[in-house]
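Please treat every number below as a calculation from the coordinates, not as lab data. Every value quoted in this text rests on a predicted model; they were computed, and no experiment measured them. Here Cβ is always computed from backbone atoms with ideal geometry, including for glycine, and neighbour counts include all displayed protein chains.
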Amino acid sequence: MKHKPVKPDQSSFIVFITFLQLGFTSFGGPVAHLGYFQTVFVQQKRWISAEAYAELVALCQFIPGPASSQVGFGIGLQRAGIAGAVAAWLGFTLPSALLMLLLGVTLVNLELSAYQGLLQGLKITAVAVVCWALWSMAKSLTPDYQRRSIALVAAGIALLLPGIFGQLGGLLLGALLAPWLVKTTRLTSDQAGLQVPISTRLALTAAMLFSTTLLLLPLLAIYTQNSSVLISDAMYRAGALVFGGGHVVLPLLHAETVNTGLISADDFLAGYGVAQAMPGPLFSFAAFIGAHSGGVLMALVALVAIFLPGCLLLIAILPIWQKLRQHHWLRQVLGGINAAVVGLLAAALYDPVITAGIRQWQDALLALVLLGLLATGRVPVWLLVPLGALAGYSLL
């Protein structure tokens with residue numbers, strides 16, 4: 001799919017505005033975020049082809065960091081270069097980060113019991129969005145019974161082994177089975193997949209910066225005992241060492257902040273509870289921890305520190321990826337991984353999306369109505385979210 005060239009300054013501003021809308025409306029966690037991105041950027045705006053989007057999702061599953069934020073970063077990167085990538089990250093992260101910063105500074109104890117219907121409506125909306133994304137991705141990524149078999153086995157592994165081990169196990173299985181089960185056509189020179197404007201020099205710089213920061217920050221934290229450095233070290237290591245992002249990062253954050261006395265256990269759990277009700281990336285929880293520990297400046301430091309390693313890794317690996325993807329065997333492996341991603345999405349649709357969102361028959365009925373609206377193609381995702389929230393608040 002070819003796209004019309006756009007001026008970088010205009011494009012990055014449009015990228016920011018588009019991701020800002022998603023930052024305000026993307027509830028449901030990283031799995032739902034990928035569904036939102038699939039609907040908005042592949043189907044509606046056509047900023048990225050289905051093949052390139054699938055490659056980007058698969059790539060981000062294999063490197064540490066917040067996968068959905070990295071996918072958004074990559075979409076902005078392909079659309080408008082580094083400026084577009086920063087604009088995408090800033091727009092998607094800003095709404096939840098500001099809310100978590102405000103909570104951390106003011107220490108307001110929010111009483112959510114009066115808004116359970118609204119929150120339930122948002123969860124049901126996530127069910128509809130992920131269902132539609134699963135259907136759309138399955139049609140393109142599992143076109144034959146061999147790849148559908150890989151998806152089913154990967155879903156089973158993910159359900160039997162919840163957490164990161166099940167996810168990595170499913171992806172590894174897809175890669176191992178691919179040479180025998182996946183048939184792909186050889187890539188010709190006019191077939192464009194994931195292509196981004198990253199030079200080899202910039203990629204090497206990003207790799208060196210990632211490694212150097214990961215090694216030096218712990219030493220600086222031990223030597224200085226400065227609160228800003230301690231927060232930076234904790235957040236950077238969390239972002240650099242956790243695969244998948246989202247809820248997977250919370251145990252490490254708990255160990256690095258509560259166990260070290262940066263924040264109390266009660267405040268940590270209160271902030272985490274509110275973060276789950278926020279749109280956008282769960283990694284924005286770092287803004288709460290930073291603000292609670294040292295105000296606005298510390299919140300900004302924590303926020304940048306937790307997202308930075310994942311973005312640096314993506315920049316570092318993309319040029320290598322563009323060269324490797326030309327190999328036929330790698331395209332077979334990628335086909336197997338993509339099929340496994342469909343399976344992982346199916347497993348996540350069941351648990352936690354459906355298990356948390358569908359509790360009674362009224363919930364299921366509302367999810368079907370929202371799914372029907374989405375399937376018509378006339379209701380955008382940003383409008384579907386407030387509709388679902390309003391319906392939940394009024395009816396549930």
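Please rank I289, I17, I263, I306, fewest neighbouring Cβ atoms within 10 Å first, as an exposure proxy. Kindly include the intermediate steps, with their values, before the conclusion.
Details: I289 29, I17 11, I263 20, I306 33.
Placing the least packed residue first, the sequence is I17, I263, I289, I306.
Along the range 169-177, what does the Karplus equation 6.51 cos²θ - 1.76 cosθ + 1.60 (θ = phi - 60°) give for ³J(HN,Hα), rounded to whole Hz, x for Gly and Pro?
So the Karplus estimates, Gly and Pro as x, are x, x, 5, 5, 4, x, 5, 6, 7 Hz.
Under a plain spin-label model, where a point goes 7 Å from the Cα along Cα-to-Cβ, how far apart in nm are T355 and S149?
Inter-label distance under the simple model: 2.8 nm.
Rounded to whole Hz and in sequence order, give me ³J(HN,Hα) for the range 38-47 from the Karplus expression 6.51 cos²θ - 1.76 cosθ + 1.60, θ = phi - 60°, writing x for Gly and Pro.
4, 5, 6, 8, 9, 8, 8, 7, 6, 6
Provide the gained length on full extension for the span S227 to A255, in nm with one decimal, where the gain is 0.36 nm per separating residue minus the Cα-Cα distance.
Values: separation 28, 0.36 × 28 = 10.08 nm, distance 1.61 nm.
Going from the current span to full extension adds 8.5 nm.
Rounded to the nearest 500 deg cm²/dmol, what is the calculated helix-only ellipticity per residue at 222 nm for the chain, with -39500 (n - 2.57) per DSSP H run of length n ≥ 4?
My calculation for the chain gives -25000 deg cm²/dmol from helical runs alone.
Of the residues L122, L334, L308, which exhibits the maximal mean-square fluctuation in a Gaussian network model of the chain defined by a 10 Å Cα contact cut-off?
Checking each option, the largest mean-square fluctuation is seen for L308.
Can you find, among A255, P162, A291, the residue farthest towards the positive end of the dipole of the chain? Put +1 on the C-beta of Lys and Arg, -1 on that of Asp and Glu.
With unit charges placed on the Cβ atoms, the residue in question is P162.
So how much slack lies between V296 and W135, counting 0.36 nm per residue of separation and subtracting their Cα-Cα distance, in nm? The partial results should precede the final answer.
Numbers: separation 161, 0.36 × 161 = 57.96 nm, distance 4.20 nm.
My answer for the length gained is 53.8 nm.
Treating only the Cβ of Lys, Arg, Asp and Glu as charged (+1, +1, -1, -1), what charge dipole size does the chain show about its Cα centre? Round to the nearest 20 debye. If you can, show how the numbers build up before the last one.
Values: 19 positive and 12 negative charges, 285 e Å.
In total the dipole reaches around 1380 debye.
Considering only A126, A339, A367, give the residue with the highest GNM mean-square fluctuation for the chain, with springs between Cα atoms whenever their separation is below 10 Å.
A367
Quick one: I231, I150, fewest Cβ neighbours within 10 Å first, how do they rank? Display every interim value, and only then the final one.
Values: I231 25, I150 30.
Arranged by neighbour count, lowest to highest, I231, I150 become I231, I150.
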